[in-house]
Amino acid sequence: MDCGRLGDMATLYAHIPDSLHAALNSYAKDRRVKLTAATVELLETGLDAVANATTRVALEERVAVATEQAAEARALAEQAEKARAALEATLNGQTEAYALVGGRLNQPIGRCPSCRHPISGRDLVVRNACGSCSAPLSALLDPRTPAAGSGLNTTEYLLLIGALGLLVGMAMAQSKKS
Ligand SMILES: [Zn+2]
């Protein structure tokens, strides 16, 4: 910042403590500049410092929020993986996995954020729209806003995702074999 030297000048009248006035005078004397020049310089330095501190705080806040969101998404992914592993341990074949996914898809999993009509796993992951009012449900799949007003049953959701993950895993293993 270099305001006030070449541009328009304004006058600032300020009552300041004697001690500050004395300090300003000695600062100006040390630097061999006029009191006004010293005051302008110190004010500019002060304003820059405040602006930088504000920017830093804003950046720090943004980083903190992003870190928290990443941690939440990671926790959800870990839970889905655990659910998948637990299901895998109890199932013997693809037929059972399909039946399981079919059952999961028909389970009520929460409510439509728009019309409050109950939504099933099928509405959520297959149609991705409310069966009653056709409102899109993609916001519900965002791990950062898991149950925002939807009453989304996180356990049902994780079991469904786990079952789907299992089925996808089986299909991939099958296609590798053939
Ligand atoms: Zn709806």
In Å, the Kirkwood hydrodynamic radius from C-alpha pairs for the stretch 38-87 sits at 14.2
Debye calc, one equal point scatterer per Cα of the stretch 50-120, no solvent, log10 I(q)/I(0) at q = 0.16, 0.23 1/Å comes to -0.82, -1.02
Given all pairs of distinct Cα atoms, the stretch 9-143 yields a Kirkwood Rh in Å of 21.5
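Values in this text are rule-based calculations from the coordinates and carry no lab data. Everything numeric here is computed off the predicted structure, so don't read it as measured data.
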